[in-house]
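Visitor: One structure follows; several queries about it will come next.
The values are calculated or read from the model by the stated rules, or taken from the named source; none is laboratory data. Just so we're clear, the structure is a prediction, and the values are computed from it rather than from any experiment. Positions of Cβ are backbone-derived with ideal geometry, glycine not excepted, and every protein chain shown enters the neighbour counts. Note: accessible area is taken over every heavy atom of the protein model, side chains too, but ligands, DNA and RNA are not part of it. Shrake-Rupley method; radii C 1.70, N 1.55, O 1.52, S 1.80 Å.
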Amino acid sequence: MTDIDTSASGKRRRLELTLRALVLGCVLAVIFTAANTYLGLKVGLTFASAIPAAVISMALLRGFRTSTIWENMTVQTVASVGGAMSSIIFVLPGLVMIGWWLEFPFWISTLICIFGGILGVTFSIPLRRALVTGGGLPYPEGVAAAEVLKVGSRGAQQTESAVRENKAGLLVVVVGAVVSAVYAWLIAARAFAGEAARYFKLPAALGGGATGMGFGMQFALLGAGHLIGLSVGLAQLFGLILAWAIAVPILTSPDTIAWLTAHGIPSIAGTLPAGVSAEELAGTVWSREVRFMGAGVIGVAAIWTLIKLAGPLIGGLTSALAAQARRNEGMALDITEQDIPIRIVGGLSLAALAGITAVLAWFAQTTPVLAGSTAMLVAGGLVYVTLIGFAVAAICGYMAGLIGSSNSPVSGVGILAIVIASVLMLGVMAVAGVPADPAIIAFALIVTAVVFAVAVIANDNLQDLKTGQLVGATPWRQQTALIVGVVAGALVIPFILNQMNGAFGFEGGPPGIANQPLAAPQATLISALARGVIGGDLRWDLIGLGALIGVVIIVLDIVLSGASKGRIKLPPLAVGIGFYLPAAVTMMLVVGAVCGWLYDRAVSGTRFADVARRMGVLLASGLIVGESLFGVIYAGIIVATRNEAPLALLPEGSAWPAMTAGIVAFVVLTFALYSWVRGRSAKV
């Protein structure tokens, strides 16, 4: 057993929170944060980085004879929390979308992430024993990561096959990343088309409206689809059908346009000139009307998900806290039960709250509309962050334990947080006599961003602590590593956001150099809600219609789940995302989900089925990381050169040859990658 190192003095020491583990963890945190930031802005999804980080750590630290399972646990903790920190992009881009920021100020953006992230750690520390040790929750991702660490780290449980799997896993991640990055480069060079799409007008018998369909030929989307699974993928396909086969054709139909106009209801299609192309007609109606319906579906689905979890949350917390109260606190604590001392937790919390106070006060003082109400705004903001922040830490921690941090609907927390914050800002406006102004919306978004940072870190924190409990890690060392990961992730996020904003732009915000706005669906929705509540200019009719559709989907999900005894589900939140995202993005996510399902079925009857499934997850992670990192680098090149296509090797105008070449290459490479991974798994 080599989990304990013997120093020259003969004293045995436990290698856990080491410099090499922290450095490697920070490097991986930066990589996974960059990848998740790109993916989240593009499709509104992020991927769990704990298992890929653990595999990479075990493969690299194997070069040190004294490496331990606990060092690998430290690397995984730092890397995963850095990746989770990227979820702040579900809120921060809203400040650009409303026109308050033209770019992301480095220090303000970083401090929002750091202070909120630290509160996410400290607020969830008192919950560890209630939710992790005594909560009886499954923590699916935490348990899976612990199993990977147990069989792959140095020690008595390690086998030769585990060593081979670690090496093969690292190779799979690297190959997947290289293939997806090279393919993305060929798209940037115009050798391949990044999207295959076709728009058309329907015959008069079908209403005469317009619609279209597309495929985004991007390996990051394929990998993301593999990870979300078949059930979620098919639910997104259902949302896509609702949007593009029903809503868009109806709203672009001449009969519908005439009826809406006659009844004085706004119609975007009615404002377009006669003879407009099918692509422009369908695309305009989808972006300016149908997406708001999708926002209504997402909002209702997110709230419903939180409501469903309310009962288990309250019951679980009550029973766990009651059990903890009966324990003898005077007993000496085992090393696996030692948290950061409560005095230090309180000090860190107060320091973070002081930092948040400074950020809010600076913002209010530098904004003439808010300067006269600084004290009230700061006091209200602090109370809001403290009370709502601790509540969401408990909610998100419980949700992570119940269904996993990747599946936890933290976007629902963001939606509720911005609605509550916006309503409170209306109260401030009434008391202080402040007029409706973008500054009010911006302040609400900043406060919500802090609360959201608390939510996503608490969501990830307790999952990692469960992994640590299962492998015998020391909680206070893990919690320290969590804070390091927060800082590492926070430092890189503003840089990536500025590159993405400058190169591509965001939906509803100023155009980027390439004028290919990123969807950033959660940030678009959250900023739209803030504007709607405070400014009163939101298309509530469309959001309301979407909410009604969401209710129908929830009922349908309940009926299907009950009739099939849980075998068939229609996750409402996934349907809303499919409704809201561009068709080309959703279709490739569906393709990825189907490919992942087919691959898992193909290997299910083999002797190496478990290894092959894990390798499939690593391939998907590599595909995401490779293209995402290329996307970040490409954005930097666009900004540096001020050229919308700096890597183009071919002129514009060769769309069909590039599209054909891209489709053929994508299909061949996808088949080849899955076949290769299956072969590698058989040799482990």
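Visitor: Using the Karplus equation 6.51 cos²θ - 1.76 cosθ + 1.60 (θ = phi - 60°), what ³J(HN,Hα) coupling, rounded to whole Hz, does each residue of region 643-649 give in order, writing x for Gly and Pro?
Guide: Couplings: 10, 6, 9, x, 9, 5, 9 Hz.
Visitor: Excluding same-chain residues fewer than 8 positions from K308, which lysines have a Cα within less than 18 Å of its Cα?
Guide: Those lysines meeting the cut-off are K565, K569.
Visitor: Quote the convex hull volume per residue of region 465-589, based on C-alpha atoms, as a whole number of Å³.
Guide: Values: hull volume 25.3 nm³, N = 125.
Once divided by residue count, the hull of region 465-589 is 203 Å³.
Visitor: How large is the charge dipole for the chain, taken about the Cα centre, if only the Cβ atoms of Lys, Arg (+1) and Asp, Glu (-1) carry charge, to the nearest 20 debye? Can you show the working numbers first?
Guide: Details: 38 positive and 30 negative charges, 362 e Å.
Dipole about the Cα centre, nearest 20: 1740 debye.
Visitor: May I pose another question? Can you pull the one-decimal nm distance between simple spin-label points at D541 and A645, each 7 Å off the Cα toward Cβ?
Guide: 4.1
Visitor: Still on this structure: Which net charge results when you count Lys and Arg as +1 and Asp and Glu as -1 among the other residues whose beta-carbon is under 15 Å from that of Y580? List each step's numbers first, then the result.
Guide: Working: positive: K42, R288, R291, R539; negative: E289, E507.
So the surrounding residues net to +2.
Visitor: Whenever you get a sec, compute what percent of the accessible area on the chain sits on carbon and sulfur atoms (1.4 Å probe).
Guide: Working: 17820 of 26230 Å².
Carbon and sulfur together cover 68 percent of it.
Visitor: Hey, another quick one. Take the alpha carbon atoms of region 209-312, find their radius of gyration, then divide it by 2.2 N^0.38 Å using N residues; give the quotient. Working shown, then result.
Guide: Values: Rg = 17.0 Å, N = 104, 2.2 N^0.38 = 12.8 Å.
With N residues counted in region 209-312, Rg over 2.2 N^0.38 Å equals 1.33.
Visitor: For region 566-606, report the translational diffusion coefficient in µm²/s to the nearest whole number, using Stokes-Einstein at 20 °C, 1.002 mPa s, and a Kirkwood Rh over Cα pairs.
Guide: Values: Rh = 11.8 Å.
D = 181 µm²/s.
Visitor: Same structure, new question: Which translational diffusion coefficient, to the nearest whole µm²/s, is obtained for region 504-649 from the Stokes-Einstein equation, given a Kirkwood hydrodynamic radius over C-alpha pairs, 20 °C and 1.002 mPa s? Could the numbers behind the result be given before it?
Guide: Values: Rh = 19.2 Å.
For these conditions, the coefficient is 112 µm²/s.
Visitor: Here is a follow-up. Quick one: what are the phi-derived ³J(HN,Hα) couplings along region 658-674, Karplus 6.51/-1.76/1.60 with θ = phi - 60°, whole Hz, x for glycine and proline?
Guide: 3J(HN,Hα) across region 658-674, in whole Hz: 5, 5, 4, 4, x, 4, 4, 5, 5, 5, 4, 5, 4, 4, 5, 5, 5.
Visitor: Continuing with this model, one more query. Per residue, what volume in Å³ does the convex hull of the Cα atoms of region 168-207 enclose?
Guide: Values: hull volume 4.1 nm³, N = 40.
Cα-based convex hull of region 168-207, divided per residue, equals 103 Å³.
Visitor: Now, a different point. In straight Cα distance, which lysines are under 22 Å from K466, not counting same-chain residues fewer than 8 positions off?
Guide: List returned: K150.
Visitor: For R614, what accessible area in Å² do you get when you roll a 1.4 Å probe over the heavy atoms of the protein chains, rounding to the nearest 10?
Guide: Its accessible surface works out to 90 Å², give or take rounding.
Visitor: Kirkwood hydrodynamic radius, computed over distinct alpha-carbon pairs, for region 606-684: how many Å, to one decimal?
Guide: Details: mean 1/r = 0.0648 Å⁻¹.
About 15.4 Å, per the Kirkwood formula over Cα pairs.
Visitor: Sticking with this structure for a sec: With a 10 Å radius around each residue's Cβ, average the other Cβ atoms per peptide and rank 16-23, 483-490, highest first. Let's see the in-between values first.
Guide: On the way: 16-23: 18.6, 483-490: 25.6.
Going from most to least packed, we get 483-490, 16-23.
Visitor: Show that you can apply the helix-only estimate: for the chain, add -39,500 (n - 2.57) for every DSSP H stretch of four or more residues, divide by all residues, and state [θ] at 222 nm to the nearest 500.
Guide: On the way: 25 runs with 478 residues, N = 684.
Mean residue ellipticity, 222 nm, calculated: -24000 deg cm²/dmol.
Visitor: Still on this structure, I have one more. Can you work out ³J(HN,Hα) from phi for every residue in region 381-395, in order, using Karplus 6.51 cos²θ - 1.76 cosθ + 1.60 and θ = phi - 60°, giving whole Hz and x for Gly and Pro?
Guide: Using θ = phi - 60°, the values come out as x, 5, 4, 4, 4, 5, 6, 5, x, 5, 4, 6, 4, 5, 5 Hz.
Visitor: Another one. For labels at V23 and L350 in the simple 7 Å Cα→Cβ model, what's the distance in nm?
Guide: Taking the simple label geometry, V23 and L350 are separated by 3.6 nm.
Visitor: Under 5 Å between amide H atoms, partner at least 5 residues away or on a different chain: which partners does A197 have, H built in plane at 1.01 Å?
Guide: F215
Visitor: So what is the diffusion coefficient of the chain in µm² per second by Stokes-Einstein at 10 °C and 1.306 mPa s, using a Kirkwood Rh over Cα pairs?
Guide: 61
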